[in-house]
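Notes follow once the structure below has been shown.
The values are calculated or read from the model by the stated rules, or taken from the named source; none is laboratory data. Fair warning: this is a prediction, and the values are worked out from it, not measured in the lab. Positions of Cβ are generated from backbone atoms using ideal geometry, with glycine treated the same way; all protein chains shown enter the neighbour counts. Accessible surface is based on the protein model in full, side chains and every heavy atom, while ligands, DNA and RNA are left aside. Shrake-Rupley method; radii C 1.70, N 1.55, O 1.52, S 1.80 Å.
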Amino acid sequence: MLIYTTARKSNWPYILKQWAISAGILFAIILLARFFSKDFIKVTDTFYWIVSIFLLYHFIDLVSEKRVYKIVIDETSRSITQYYRSAFSGEGEKVHTLDKVQLYVKSKASAADGEITTQHIELYKSWRIILELDTKKHGFSPYTLQEIRKTLEQLLVPVTG
């Protein structure tokens with residue numbers, strides 16, 4: 001059994017960064033509307049309420065999302081287990097067999113040494129995503145994603161990307 005864990009200790013920096021991007025865009029729109037063109041966008045109290053509700057909804061959505069923190073690949077039973085956490089639903093796990101699955105990989109070549117690094121992995125079964133791992137969203141390092149990819153290739157999982 002091979003165990004891979006995320007390099008990220010806490011998801012809060014990622015969550016706050018994503019929320020701050022949305023908030024910054026909305027506040028920029030409000031500032032532009034308030035100072036430059038009062039005829040183009042009329043900022044009313046209703047608009048402020050809509051922006052506030054949207055930001056609250058986006059924050060709750062980011063916090064409640066399930067984030068994978070550990071992957072266990074069992075080579076003998078040809079299965080992959082994902083362990084995930086969520087602020088509202090707690091911890092859980094899902095076990096998938098590696099029968100009839102396909103691996104999709106997004107890689108990026110580094111400019112310095114030309115080495116290809118894996119940035120994103122998706123595992124499909126019957127045209128449906130059963131596992132998605134990312135360097136930004138879940139915090140796995142490119143090296144860990146590359147190791148997961150190599151292990152799945154050794155288990156004869158077809159790879160595209």
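Figure legend. Inter-residue proximity from segment 115-132: first residues assigned to a strand (DSSP E or B) and among the aliphatic types (A, V, I, L, M), second residues modelled with pLDDT under 90 and open to solvent by 20 Å² or more (accessible area, probe 1.4 Å), beta-carbon distance below 6 Å, spacing 6+ or different chains. Indicated pairs: I116/S107; I116/A109. Take segment 133-146 and flag every residue that is assigned to a loop (DSSP other than H, G, I, E, B), of a type outside the set (S, T, Y) and buried (at least 16 other Cβ atoms within 10 Å of the Cβ). Matches in segment 133-146: K137, H138, G139, F140.
Please work out which residue is nearest to E65 (Cα to Cα), limiting yourself to segment 76-107 and to residues that are in contact with a Phe, Trp or Tyr (Cβ under 8 Å, 6 or more places away or on another chain) and open to solvent by 60 Å² or more (accessible area, probe 1.4 Å). Checked segment 76-107; the qualifying residue nearest to E65 (Cα to Cα) is R85.
Tell me, please, whether a residue that is loosely packed, with under 15 Cβ neighbours inside 10 Å, at pLDDT 90 or above, over 27 Å from W19 (Cα atoms) and out of contact with any Cys (no Cβ under 9 Å at 6 or more places or on another chain) can be found in segment 108-116. Full working, then the answer.
Restricting attention to segment 108-116, the residues satisfying the condition of being loosely packed, with under 15 Cβ neighbours inside 10 Å are 108-116.
Going one step further and asking which of them are at pLDDT 90 or above, we end up with none.
There is no residue in segment 108-116 that is loosely packed, with under 15 Cβ neighbours inside 10 Å, at pLDDT 90 or above, over 27 Å from W19 (Cα atoms) and out of contact with any Cys (no Cβ under 9 Å at 6 or more places or on another chain).
Could you list, in sequence order, the residues of segment 54-69 that are of a type in the set (A, V, I, L, M, F, W, C), in contact with a Phe, Trp or Tyr (Cβ under 9 Å, 6 or more places away or on another chain), open to solvent by 50 Å² or more (accessible area, probe 1.4 Å) and touching a residue at least 24 places away in the same chain (Cβ under 8 Å)? Correct list: F59 only.
Criterion first (under 25 Å from T144 (Cβ atoms), of a type in the set (A, V, I, L, M, F, W, C) and loosely packed, with under 12 Cβ neighbours inside 10 Å) does I15 satisfy it?
On the way: under 25 Å from T144 (Cβ atoms): yes; of a type in the set (A, V, I, L, M, F, W, C): yes; loosely packed, with under 12 Cβ neighbours inside 10 Å: no.
When the stated conditions are applied, I15 does not pass them.
Kindly evaluate I30 against the criterion of being hydrophobic (A, V, I, L, M, F, W, C) and assigned to a helix (DSSP H, G or I). If you could, list the steps in order and put the result at the bottom.
Values: hydrophobic (A, V, I, L, M, F, W, C): yes; assigned to a helix (DSSP H, G or I): yes.
So I30 fits the description; yes.
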